[in-house]
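Just below is one structure, and these are the notes that go with it.
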Amino acid sequence: MVNIKPSRGHVSKTPSKDQFDPGGLEKDPLNVLRLISELEGSYQLLKYMGYEEDRDTLRSICDRYYKEYYRLKKQSSTPNS
């Protein structure tokens, strides 16, 4: 089993097998940022390799997840009433 070391105040937790099932990873702001990071890296590779149509497709996907990130971030910072 892999132990995740705490960084910047995050609680250390061991990933459960369920996290690797479809839908098993929480849709929280940090995980959405991880996804955006992966998409942005692919976008850059496509740009440098000249795959313009695929690059544009990834840009629209990235934009959608940026909106999701900001929605989740706002939701998580709003105190529950």
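Each reported figure results from applying straightforward, stated rules to the coordinates on display, with no laboratory input. In this text, all values refer to a predicted model and were calculated from it rather than measured experimentally. Cβ coordinates were reconstructed from backbone atoms using ideal geometry, including for glycine residues, and neighbour counts include every protein chain displayed.
Net charge of the neighbourhood of residue 57, taken over other residues with C-beta under 13 Å away and scored Lys/Arg +1, Asp/Glu -1, is -1.
If you take all other residues with their beta carbon under 11 Å from the beta carbon of residue 69, and give Lys and Arg +1 and Asp and Glu -1, the sum is +4.
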